[in-house]
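Q: To start, I am sharing the structure in question, which I have written as structure tokens.
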Amino acid sequence: MDRSVNTPEKLLHAFRTDNPTAPRLTWYGPDSERVEFSGRVLDNWVAKTANYLVDELDAEPGTVVALHLPLHWRSMVWLLATWAVGAKAVTVPGTTISSTTDAPGADAETHRWAELAANADILATAWPDVAHTHLTGAKSDLLVVAVALPALQMRWMSELPPRTLDYSGDVRSHADVFFADSAADSQDVAWQHHSTGTSECTTTYAALLTPGAELLSVPHIPLPLAPQRVLLHVRDGWDAVVRDALSIWAAGGSIVLLADGVADTPALRASEQITLG
């Protein structure tokens, strides 16, 4: 990891200035979807989303942004944008809050939703109908934002529940450059998440981009790490994928992220010029 890239702000600056036309994030999703972002384009998406968070949702340092999203290129953008603002991101693993209304363990599910509603200021969700069902009666100032996942979907295509905002329909009108009015303290919580086999844990802003951090899903790779093209899998979970991505990006590298169900083939590795993973 480049020791100078030790904050989200410096990482986004590196996207803009360190070989900005080179790929930084490539996504393989369902239905043969492939989306690639250069550093400049990835920074552009993060800036628009950060401006959306501030201008439309009044986000600031200390705001709690809950992500009821799958691991996806859009959720990576939301994470980076939340950290650009200085807010706290809460990622919700799929086994904790489901994308269906008829999941087993209904009592525990109801409790988790109630806890989320009580603590979050903003909820970004790929399943707004499910969120609306569970959040009926929640505190009135919780802002719910529908996030359409397909890359070419310019707005939410069906009717949204009451008081639900359309991220995809609104974000493109926001500025391509983000300037934070204030910054989070280094000891503020940046990310509340779950590690494999552990209970909930938190990561401070100081620890997000820590030199010498180990890659979790590719444990045989030591750091510091020269720029590499690294294959990551959604199946490895939020903790591993996000930590690996941050380490790889800080070292000047790029990631190829495969959704569940996308085959890891020699042809894909060759075409994407994978060097690690």
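Any read-out appearing in this document is the output of simple, stated calculations on the displayed coordinates, not a laboratory observation. Worth saying up front: this structure is predicted, and the values here are computed from it rather than measured. Glycine gets a Cβ as well: all are built from the backbone with ideal geometry, and neighbour counts include every protein chain shown.
Q: To the nearest 0.05, what FRET efficiency results for Thr21 and Ser182 with a Förster distance of 22 Å applied to their C-beta separation?
A: With a Förster radius of 22 Å, E is 0.10.
Q: When ranked by the protection proxy of mean other Cβ atoms within 10 Å per residue, highest first, what sequence do the peptides 263-269, 184-190 form?
A: The packing order, highest mean first, is 184-190, 263-269.
Q: Rounded, prolate or oblate, given the Cα gyration tensor of segment 225-267, with a/c below 1.5 counting as rounded?
A: It comes out oblate by the Cα gyration axes.
Q: If you don't mind, another one. Roughly speaking, what is the stretch gain from Asp260 to Ala151, that is 0.36 nm per residue apart minus the C-alpha to C-alpha distance, in nm to one decimal?
A: Between Asp260 and Ala151, full extension yields an extra 37.5 nm.
Q: Want the number for Ala270 to Glu33: 0.36 nm per residue separation, take away the alpha-carbon distance, what's left?
A: Contour length minus the Cα-Cα distance gives 83.5 nm.
Q: Something else: What is the gain in length, in nm to one decimal, between Glu159 and Thr204 on full extension, counting 0.36 nm per residue of separation less the C-alpha to C-alpha distance?
A: Roughly 12.4 nm would be gained on extension.
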